[in-house]
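Just below is one structure, and these are the notes that go with it.
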């Protein structure tokens, strides 16, 4: 198994930079889908270093606004910013991990991963075209499931969300009607009657507490809230369940491992075992910081987590970065500078790859 290890020089340069002391604090905000990773990393980092971490799971859009204003040390988003946005706002985006979006339902007598849906049916449900659970299109896919004669209560995000963006990206690839009517955005004007909640936690609770509901959340919330996920038909025509292995298969089918590039979405990749609604999550820094100490503390946290946090990534139902992508992330950090133009990491990064049996 291969691991990327940054040279000790980079880690120590970041760890020794800036003011040391008990008052140091890491601040970050953004993706609610990635919150489980940051919570786990924060706990381990504080235990190891004594430095506290305050992360606000306010959603990807709000997180991007906060980092643009440099109100926090790092932003977190599930949508890789466009080159235009990175240039306009002077930002650098780095991948953190890979996860998947799971449609979730609350139906009597329907167990986890029992219900089968296609992307086309999901698009029609979320567009408000299919409104009852015993509709012919759903029962045809689930002849052995006791589908109730209940109205479908669609639960969605009220805030700007990378989870929404990737879910919409998937639906746009499988449904021309969705692409034309709703497109791919972080915030969607949902049909009247949909139940809107803030954050992944809000959607998870909304579905859990509403009989007849369907929603979409990061896979990590399924077990945490005791939710019932859905099988989805992938690009190869196979019904698959959301899982770490299925997210890893989607990643392997993408250009990320081959090229090291990470700015394309991971939805609707080919492969019999691929989960079709897979996504990456990213951390964002200012390219030129106006608050050197704040940025250094955030860099120290992220660097420490990259080097030490692989196990925590897996424990939270995420997939670690491919070696080539992680190396590209380390290299990108060298571009971050203080107001005088001084690099906060090493001017040139070197990394080594070694194999551990």
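Data for the structure
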read-out: Filter result (over 18 Å from residue 279 (Cβ atoms), in contact with a strand residue (DSSP E or B) (Cβ under 9 Å, 6 or more places away or on another chain) and not assigned by TED's automatic domain parsing to the domain that holds residue 223) within region 86-110; value: 86, 89, 90, 91, 92
read-out: Filter result for residue 262 (in contact with a strand residue (DSSP E or B) (Cβ under 7 Å, 6 or more places away or on another chain), assigned to a loop (DSSP other than H, G, I, E, B) and at pLDDT below 95); value: yes
read-out: Among the residues listed as 217, 184, 203, 283, the single one being within 18 Å of the chain's Cα centre (by Cα), surrounded by 20 or more Cβ atoms within 10 Å (Cβ to Cβ) and assigned by TED's automatic domain parsing to the domain that holds residue 67; value: 283
read-out: Output for region 47-70, where each listed residue is loosely packed, with under 15 Cβ neighbours inside 10 Å, closer than 24 Å to residue 292 by Cβ and either more than 19 Å from the chain's Cα centre (by Cα) or without any contact (Cβ under 8 Å) to a residue 24 or more places away in the chain (or both); value: 48, 50, 69
read-out: Only listed residue being in contact with a strand residue (DSSP E or B) (Cβ under 9 Å, 6 or more places away or on another chain), on the phi > 0 side of the Ramachandran plot and in a loop (DSSP other than H, G, I, E, B), chosen from 128, 183; value: 128
read-out: Single unsatisfied condition, residue 294 versus (1) out of contact with any helix residue (DSSP H, G or I) (no Cβ under 9 Å at 6 or more places or on another chain); (2) surrounded by fewer than 17 Cβ atoms within 10 Å (Cβ to Cβ); value: (2)
read-out: Cβ pairs under 7 Å, 6+ apart, first in region 281-298 and more than 16 Å from residue 76 (Cα to Cα), second surrounded by fewer than 21 Cβ atoms within 10 Å (Cβ to Cβ) and at pLDDT 95 or above; value: 288/90; 289/70; 290/70; 291/70
read-out: Region 246-259, subset in contact (Cβ under 8 Å) with a residue 60 or more places away in the chain and touching a strand residue (DSSP E or B) at 6+ places or on another chain (Cβ under 8 Å), residue surrounded by the fewest Cβ atoms within 10 Å (Cβ to Cβ); value: 248
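For (1) modelled with pLDDT under 95; (2) touching a helix residue (DSSP H, G or I) at 6+ places or on another chain (Cβ under 8 Å), each residue gets a yes or a no:
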position: 70; (1), (2): no, yes
position: 73; (1), (2): no, yes
position: 77; (1), (2): no, yes
position: 90; (1), (2): no, no
position: 94; (1), (2): yes, yes
position: 100; (1), (2): no, yes
position: 106; (1), (2): no, yes
position: 116; (1), (2): no, yes
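Table: residues versus (1) crowded, with 16+ Cβ neighbours inside 10 Å; (2) over 30 Å from residue 322 (Cβ atoms).
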{"residue": "95", "(1), (2)": "yes, no"}
{"residue": "103", "(1), (2)": "yes, no"}
{"residue": "114", "(1), (2)": "yes, yes"}
{"residue": "127", "(1), (2)": "yes, yes"}
{"residue": "130", "(1), (2)": "yes, yes"}
{"residue": "134", "(1), (2)": "no, yes"}
{"residue": "145", "(1), (2)": "yes, yes"}
{"residue": "148", "(1), (2)": "no, yes"}
{"residue": "162", "(1), (2)": "yes, no"}
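The values are calculated or read from the model by the stated rules, or taken from the named source; none is laboratory data. Since we're looking at a predicted model, the values are computed, not measured. Glycine also receives a Cβ, built like all others from the backbone with ideal geometry; neighbour counts cover every protein chain displayed.
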